[in-house]
Amino acid sequence: MSDAGQSFVIVCDLDDTLYLERDYVVSGFRAVGDWAEKQLSIPEFGNVALALFEAGHRERIFNTALQEIGVGEDRGLVERMVGVYRGHRPTIALQDDISRFLVEEYSLGGLALVTDGFREAQQKKVAALRLNELGFSPIVVTDIWGREFWKPHHRAFLLLAECFHCPTSNFVYVADNATKDFLAPNQLGWTTVQIARPGGLHTKQPPTADHAPAAFISSFDQLPDVLGFE
Ligand SMILES: [Mg+2]
């Protein structure tokens, strides 16, 4: 139930908003590690890559892990590993608070998703989390249009505005990364909410006031209060 007859369209980001991106990274390194062991008889790749990630490495982890294992620079091999990583069926789960929010069956005007990231990887995540079955529609993977349409491009948000016939003030975007997530919806007059999850990878300060969210939460349990639900 929402107050004053205002029927909110809740649009969510995916990574570190609905599930922990860290879990996807662990799942991906395991998949690549298993592949390297079976296909190439390279043991320990998954563990070495994960240790690098845990130590704070974020760039060229596959190259560095191969070096540490003693396999020389091999661009073709790294490309194949990236393909396995992005194409693997991830072991990830919705965070409990979003599950609780969804079972409440608030009278929403809509529930949708806007996510950046490589198309195949994002689609595998959407499938693993069964977001279609949970009622997210539409699910917009911006990469289907190309990298130039990743946030903060307006295209995904304008598409949603066309899908739902309600005032822009009824749209809410819940996401984690202030460097890119809130600029476009702010400019379009949406309400923006930053979710800062313990363990999130990208919770950063907004670079300008235009990038800043209107509200902060640490879990979806707080969203009904922020939006004034009864
Ligand atoms: Mg995110």
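Laboratory data are not the source of any read-out in this text; all were calculated from the coordinates shown. Here the structure is a predicted model, which means the values were calculated and not measured. FYI the Cβ positions are ideal-geometry reconstructions off the backbone, even for glycines, and counts take in every protein chain you see.
Results, tabulated for the structure shown:
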item: Residue-wise HN-Hα coupling along the stretch 145-156, computed from phi with Karplus coefficients 6.51, -1.76, 1.60 (Hz; x: Gly, Pro); result: 9, x, 4, 5, 9, 5, 3, x, 4, 7, 3, 4
item: Set of aspartates and glutamates with alpha-carbon distance to Lys204 below 13 Å, sequence-local pairs under 8 removed; result: Asp16, Asp176, Asp181
item: Acute angle (nearest 10 degrees) that the helix 75-87 long axis makes with the longest principal axis of the chain, alpha-carbon atoms; result: 40 degrees
item: Between helix 21-40 and the chain: long-axis angle, C-alpha atoms, 0 to 90°, nearest 10; result: 30 degrees
item: Tensor-based shape of the stretch 23-87 (alpha-carbon gyration tensor, a/c under 1.5 rounded, otherwise prolate or oblate); result: rounded
item: Dipole magnitude of the chain, debye to nearest 20 (Cβ charges: Lys/Arg +1, Asp/Glu -1, about Cα centre); result: 600 debye
